[in-house]
Number of protein chains: 2
Amino acid sequence: MTEIIVQKFGGTSVGTVERIDAVAEIIKDASKSNNIVVVVSAMEGETNKLVGLANHFSQSPDKREFDALVSTGETVSSALLAIALHAKGINAKSYSASQISMKTTDSYSKAKILDIDANKIMEVVGQNTIPIITGFQGITETGDITTLGRGGSDTTAVAIAAQIGAKRCDIYTDVDGVFTTDPKVVPNAKKLDSITMEEMLELAGQGAKVMQTRAVEFANKYKVPVRVLSSFDEGDGTLISLKDDGMENALISGIAFQKDQVKFTLHGVGDIPGTAFKILGPISEKDIEVDVIVQNVSVDGKTDFTFTVSKDDESDVKDIIEEIKTEVEFKDLMINSDIAKVSLVGVGMRTHAGIASKAFKALSENDVNIQIISTSEIKITMVIDKSLVEKAVQVLHEEFELDK
Amino acid sequence: MTEIIVQKFGGTSVGTVERIDAVAEIIKDASKSNNIVVVVSAMEGETNKLVGLANHFSQSPDKREFDALVSTGETVSSALLAIALHAKGINAKSYSASQISMKTTDSYSKAKILDIDANKIMEVVGQNTIPIITGFQGITETGDITTLGRGGSDTTAVAIAAQIGAKRCDIYTDVDGVFTTDPKVVPNAKKLDSITMEEMLELAGQGAKVMQTRAVEFANKYKVPVRVLSSFDEGDGTLISLKDDGMENALISGIAFQKDQVKFTLHGVGDIPGTAFKILGPISEKDIEVDVIVQNVSVDGKTDFTFTVSKDDESDVKDIIEEIKTEVEFKDLMINSDIAKVSLVGVGMRTHAGIASKAFKALSENDVNIQIISTSEIKITMVIDKSLVEKAVQVLHEEFELDK
């Protein structure tokens, strides 16, 4: 039997009828050599339009109804894509989450996939018909409609690929693949032909925005090879490989950066066990994601505790710190939103000492002061002044010869 | 237990977020004294927008996909209405055809209802929650999405009312009820407080357009009392009663008219058995609806055969007549699209002779020439020149004192 490839098309890829037509051509071509299963997002702008309608009635609309509403965008694009394929003489049928029993938890707007009816999908494939499945959607055990959260279509695609044992999951988007860094900042940034799952996870988490982090985690967990490529231009994109291929790895694969964060520093905190939890517990309870967390060794029983969160959460975090003031003693609270995060990512980093010092040296020689440093096995994160981020990325890109 | 009323809101009634808000108020009010089940159409213009998208790819898009596409409009409005009700503190949940197992035949775009899961609806009602059900939608036995055809939401509402044993089905629309004739033509046309199902059927079929004919037939068959009323203005609307209430009926309930028809006359047809079938057979095979059919007694073995069809079907009918020319001998074919149809409708007509002659006299005194006459037990249909239709309706409205 021919192998199966899952193709996923995002909102910009199906943003207009002309784009849907172009996507239908891509599918038609691919269907000549493989069995194809398609997952599709809503047409660009549609979901926002639906959210706008809901917000007319309430800023926090009923969650069950909100999901029923916003999930219609994917139903529209899947049916239109099937119509476009029919017009080209290709058998295709659209399927909603309900029709392929895409079961999820009942956490509306951030549901987690529990199960998929792989037999139903394979039955359609067996009839020489391309299933066009709505991304983003799910249903609960009782048949209520859920959604997986923004960008959830990537996760839908990877989950389906895992469930039906697809050879590969191709994520079509509006970029050519994964780059060493943002080409807008470093014009000679290079497209990577391949990258490991781990590297991709670190990059995606850092806002590389090529593919949703959750979907990469899913692919990693279920060992689904993923390719990220453009639906606008020809090219092979970037293959996200399951593991280190044993060959000598590049020291650094890419540089990620992010500017929409705010840094909180609690200065002069008593170095008492449980302090970190007292600070971060109430924050995570409110589902606020904390990114970098740094605490230095204490001097005279006092230390500084620093963490960053998304700018959207700034006022919530302020309120929380106000509340815990009595429980956690500290001298000053410093808040800085003029910061940026720059990260070097690379599996090769593991076995090569000196990467960090090389980076720090290059930055200091170019007058970029590093405020915070945080490292993992395959990543070095530096928080710097926001005005210096472009310069820092360019310096590092050149230092590690990523354009070569 | 409190009785149940099914309320159906059409596309203009939920055409904007402001309108949805107004409809939510109507439902909230009604829910104080009765259990309410709501059926809702797509927001005005939405279905046409979706059809436009499909037509970009094909003028005859794949039927299964077309239905999946256009049915999303109702899902959007049902979820929005539920959100609006929640915002007013009312428990409501949207349900798609799939979620209440609204089973239909698999005739896409003109599916017929087979069964509805009344228990599911009653379960929701039992939880003090108002079910907001998508009109127009259905699903096949295998779970494919179907639609009932334009205006099908009326049928959905009546079918649900029948299935759950509702006290009444209220059809909310953009007119105050059923009028003696079109108020645009006769300014003192009178709103009827009640009308019989039979009269309503004759009026609807004639394009009175207040309520879909199929829905009236359904209501008649399953004995569901229906009320037609405005969602824009207060008022009791028109009650469509199940039967003649035994009291003296008005002679004439209303006057309907229609201008979008074309008249075909086959002049000098041989009066041979089977001729009518030879002409109309191929036409009905193509699903073209023939309206008035008139054949006069023959003179010298020759007769004239006249029928009217919708203007949309004019060229198809021409082609068919061209094809059957060899089988059906006739002298001339006359086609006239400058015609209009005027109908007097009334249950009282049955027992009162002289209605027809009174009508003919009034028209002739006002120089309105009648081209064709066709009658049923409760209807008299006259085909006249299109330019005279307003005059004819006004003359008849006055003659039968419908404004009194």
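Quick look at the values:
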| read-out | value |
| --- | --- |
| Built amide H within the under 5 Å cut-off of B:Ala92, gap 5+ | B:Ile130 |
| DSSP loop GluC sites (Glu not before Pro) with at most 12 other Cβ within 10 Å: longest gap in chain B | B:4-140 |
| HN-Hα J in Hz across the range A:66-79 - Karplus 6.51, -1.76, 1.60, θ = phi - 60°, x for Gly and Pro | 4, 5, 4, 5, 6, 6, 5, x, 6, 5, 4, 5, 5, 5 |
| 3J(HN,Hα) from dihedral phi, the range A:290-305, Karplus parametrisation 6.51/-1.76/1.60, rounded to Hz, x for glycine, proline | 9, 9, 6, 10, 9, 9, 8, 4, 8, 10, 6, x, 10, 9, 10, 10 |
| Listed pairs A:Lys190/A:Lys391; A:Lys110/A:Lys223; B:Lys110/B:Lys190; A:Lys63/A:Lys184 exceeding 27 Å between Cα atoms | B:Lys110/B:Lys190; A:Lys63/A:Lys184 |
| Bridge type composition, the range A:4-174 - antiparallel percent by DSSP, nearest 5 | 20 percent |
| For the range B:18-61: rounded, prolate or oblate by the Cα gyration tensor [a/c cutoff 1.5] | prolate |
| Violating pairs (Cα-Cα greater than 29 angstrom) within the set A:Lys28/B:Lys93; B:Lys120/B:Lys167; A:Lys191/A:Lys259 | A:Lys28/B:Lys93 |
| 0 to 90° range, to nearest 10: angle between helix A:46-57 axis and chain A longest Cα axis | 70 degrees |
| Whole-Hz ³J(HN,Hα) from phi, Karplus 6.51 cos²θ - 1.76 cosθ + 1.60, for the range A:368-377, glycine and proline x | 9, 7, 9, 7, 9, 10, 9, 10, 10, 4 |
| Gyration tensor (alpha-carbon) shape descriptor, the range B:285-383, a/c threshold 1.5 | prolate |
| In degrees, nearest ten, helix A:389-399 long axis to first principal axis of chain A (Cα) | 80 degrees |
| Nearby aspartates and glutamates by direct alpha-carbon distance to B:Lys32 (threshold 15 angstrom, same-chain neighbours under 8 apart not counted) | B:Glu3 |
| Residue exposure sequence - B:Met122, B:Met197, A:Met382 - by fewest surrounding Cβ within 10 Å | B:Met122, B:Met197, A:Met382 |
| Cut-off under 5 Å, modelled amide H: who pairs with B:Arg168 long-range | B:Val6 |
| Global geometry of the range B:56-105, whether rounded, prolate or oblate, following the gyration tensor of its Cα atoms and the 1.5 cut on a/c | oblate |
| Sequence-separation-based contact order of chain A, relative, with Cα cut under 8 Å and 6+ spacing, percent | 14 percent |
| For chain B, average projected area of the Cα convex hull in nm² | 22.2 nm² |
| Those lysines that a straight Cα-Cα span of less than 21 Å connects to A:Lys331, excepting residues fewer than 8 apart in one chain | A:Lys263, A:Lys278, A:Lys302, A:Lys318 |
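Each reported figure results from applying straightforward, stated rules to the coordinates on display, with no laboratory input. These numbers were taken from a predicted model, which means no experiment stands behind them. Cβ: placed from backbone, ideal geometry, glycine included. Neighbour counts: every protein chain shown.
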